[in-house]
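This report concerns only the one structure given below.
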Amino acid sequence: MRTLVEHENGYARLRLAGDLRIAESSALYENLLALSQDPSTARVELDLSGVESIDSAGAVTLRLGKELLARSGKALSFSNLSEAQWRVLQSVAAAELRGARAEPAPSALERIGERAIRAQTNAQEFAAVLARALRGAGGWLLGKESKHTGALIEQAVLMGANAVPIVTLLGALIGVVLAFQAAYQLRQFGAQLFMAEVVSIGMVREFGAVITAVILSGRSGAAMAAELGTMSINEELDALRSMGIDPVSYLVPPRLLAMSLITPLLSMWATAAGIAGGVAIAGGLGVPPIAVYHRMTDSLVPSDFVLGFIKSLLFGWIIALIGCYMGLRTRGGAHNVGHNTTRAVVVSILLIVISDSLVTTVWTVTHD
Amino acid sequence: MTDEPILMCRDVACGYDRDRPVLSSVSVAVRSGEILTILGGSGSGKSTLLRTLSGLLRPLAGKVMLFGSDLYAVGHRQRAELLRHAGMLFQREALFGSWTVLQNVMFPARELTDVLEPIARELARTKLAQLGVADLAARHPDQISGGQRKRVALARALILDPALVFCDEPTSGLDPVTAQLIDEKLLFIRDAFQIAVIAVTHDIASVRRIADRVLVLAHGEIAASGSVAEVENSMDGDVYALFHRPEEHAHPPGEGRIEA
């Protein structure tokens, strides 16, 4: 498009020639914007006699230009409009845009209020899911749901057995890292042998459960949130409700019980792998592995295992409940599935670390 | 309506398996300002044909000529350029769930052109307004109804002023009133902008409302083609069955049915 601008006593005339389509509309918009800011221009005329074709973007640009100039107190008029051009301009007439403007953004106070209400609603919803899940799990434990044992086994295999390789690898590597760090520090005092206590007690009381929980929250918690979220947006949960089946009581207990079963087992396995890793690396650090092994067995007491077990059970419940809750509350489309899956993992890990701190503190104060 | 076809194909075979084409010997020509509806029972190949015509599925045999160029013989860049002048309304709308309605409609203008943001925004609002859904601009697709989503998806298909719009089941899953509204919007874009429309449907009422020409698919080929009146009176058993199903006789014309 070619544009010829003529100025005369506060009057600007733009002669347009060629096509006025989406590719040319930005240049015209910038021309009109400049004229709207030019103090010497009071009135603008657009001569469209040379314009061969106008598309919607071109017509919208003409309307935007008119609004721009009007806001600056200037008038824009069109001349030599053909019938076809007039029809295109009419098709994008401002009169059709009733209600088209964006709604005003809420104020800061409104946003705070909305968040508070949302937080309260979320807490109520979670409490309701928790109550129904525990009631459902109680029914399972009392044998009322024996016909659904297959679902529990399926979940346990899916979340537990398939996670064994990654849990083994990470558990062993944590044991190796612990042994390295402990041996390096203790060497300064000639006490490398005490690395055995660091590895064994650290793995049994802390890292076995935590590392397993972190893996499971990223693996199984995310899978639960994504699966239930997809079921929710596909109206599968509504299908269950329509059949008189409570989705929470039906879907959450097998996952909760499976996690209650596999998290302690996997934690023990990760602990064993970590201790094996620590013992294996001891030789390389100048400490006889057999001596390390004996110190480990001597230093561990039953309460260490009890603490590790309590933590792993608690972490399993957190992962299952948060994963299921985030999945069940998913609404809308695919993006919400992804969003809630991410939230399930983040919230689970956050709660795992917080609860780990609390349990460790309480246990240390009351037992050690 | 001009005489030069916007889209033309001759003796096209389409499907997913070369040994078992879903459709064969299909010839179609669509001109500016014309609505062609493709009708057929479930599994007759309607959507497969639409995917072939719209550049999404390479034909097993034959050529698809869009704006005078062989759609599947040109390079990737040229094909993209050709398809820029055609819009697509998907059966399930395919709106991006994480964006607002306005962002969805603006998307092609933002990505495919260098147009300034204020123009793209206003253009999107204008298209939404033309389809009567301007007040939904700030909402997300999951916050609006099925009929509203169809209109938003149509606004997105129309934002670059295409010469041709492909519609896959534009009225499926909609109540009769909303279905009629969508049909009216298709008639509006044909009449106001001379846009050609190729619509796949199994909705006979919709065909009667909007079609300039009808193509009926059965048994892997075109069973009938022509105006609605011509096809409706076809002696082909499958075509006759499509237009004269029991529910079509349940109400005499104009009674118990919303007329366009």
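The values are calculated or read from the model by the stated rules, or taken from the named source; none is laboratory data. Source: prediction; values computed, not measured. All Cβ positions, glycine included, derive from the backbone under ideal geometry; neighbour counts span all protein chains shown. Calculation scope for accessible area: heavy atoms of the full protein, side chains included, ligands and nucleic acids excluded. Shrake-Rupley method; radii C 1.70, N 1.55, O 1.52, S 1.80 Å.
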message: Looking only at residues that are within 27 Å of A:Ile54 (Cβ to Cβ) and among the acidic types (Asp, Glu) in the stretch B:176-197, which one is surrounded by the fewest Cβ atoms within 10 Å (Cβ to Cβ)?
response: B:Asp191
task: Give me a count of the residues in the stretch B:40-55 that are surrounded by fewer than 15 Cβ atoms within 10 Å (Cβ to Cβ) and under 14 Å from the mean Cα position of the chain (by Cα).
output: 0
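Of all residues being charged (D, E, K, R) and more than 7 Å from every other protein chain (Cβ to nearest Cβ) in the stretch B:96-124, which is farthest from B:Arg149 (Cα to Cα)? Just the residue, please. Walk me through it before giving the result.
Of all residues in the stretch B:96-124, those charged (D, E, K, R) come to B:110-111, B:114, B:117, B:121-122.
Narrowing further to those that are more than 7 Å from every other protein chain (Cβ to nearest Cβ): B:110-111, B:117, B:121.
Working: B:Arg110: 20, B:Glu111: 21, B:Glu117: 23, B:Arg121: 19 Å.
Restricting to residues being charged (D, E, K, R) and more than 7 Å from every other protein chain (Cβ to nearest Cβ), the top hit is B:Glu117.
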Condition broken by B:Gly220, with the remaining ones in (1) at pLDDT 85 or above; (2) among the small types (Gly, Ala, Ser); (3) on the phi < 0 side of the Ramachandran plot satisfied: (3)
- prompt: Would you call B:Arg149 more than 13 Å from the chain's Cα centre (by Cα), basic (Lys, Arg) and open to solvent by 10 Å² or more (accessible area, probe 1.4 Å)?
  reply: yes
field: Members of the stretch B:106-125 found to be closer than 18 Å to A:Leu28 by Cβ and either in a loop (DSSP other than H, G, I, E, B) or open to solvent by 20 Å² or more (accessible area, probe 1.4 Å) (or both), listed by number
entry: B:Thr113, B:Asp114, B:Val115, B:Leu116, B:Glu117, B:Pro118, B:Arg121
statement: By residue number, the members of the stretch B:198-228 that are of a type in the set (A, V, I, L, M, F, W, C), open to solvent by less than 10 Å² (accessible area, probe 1.4 Å) and part of a helix (DSSP H, G or I) are B:Ile204, B:Val207, B:Ile210
message: Return the residues of the stretch B:65-95 that are open to solvent by 20 Å² or more (accessible area, probe 1.4 Å), over 27 Å from A:Val60 (Cβ atoms), away from chain A (no Cβ under 12 Å) and not small (Gly, Ala, Ser); say none if nothing qualifies.
response: B:Met65, B:Asp70, B:Tyr72, B:Val74, B:His76, B:Arg77, B:Gln78, B:Arg79, B:Gln91
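For B:Ile159, indicate whether it is among the β-branched types (Val, Ile, Thr), within 13 Å of chain A (Cβ to nearest Cβ), touching a Lys or Arg at 6+ places or on another chain (Cβ under 9 Å) and closer than 19 Å to B:Leu95 by Cα. Before the answer, list the steps.
Numbers: among the β-branched types (Val, Ile, Thr): yes; within 13 Å of chain A (Cβ to nearest Cβ): yes; touching a Lys or Arg at 6+ places or on another chain (Cβ under 9 Å): yes; closer than 19 Å to B:Leu95 by Cα: yes.
Yes: the conditions hold for B:Ile159.
Kindly provide the set of residues from the stretch B:126-135 that are open to solvent by less than 30 Å² (accessible area, probe 1.4 Å) and within 9 Å of chain A (Cβ to nearest Cβ), ordered by number. Step through it out loud before you land on a result.
From the stretch B:126-135, those open to solvent by less than 30 Å² (accessible area, probe 1.4 Å) are B:126-131, B:133-134; that's our starting set.
Passing the criteria: B:Thr126, B:Lys127, B:Leu128, B:Ala129, B:Gln130, B:Ala134.
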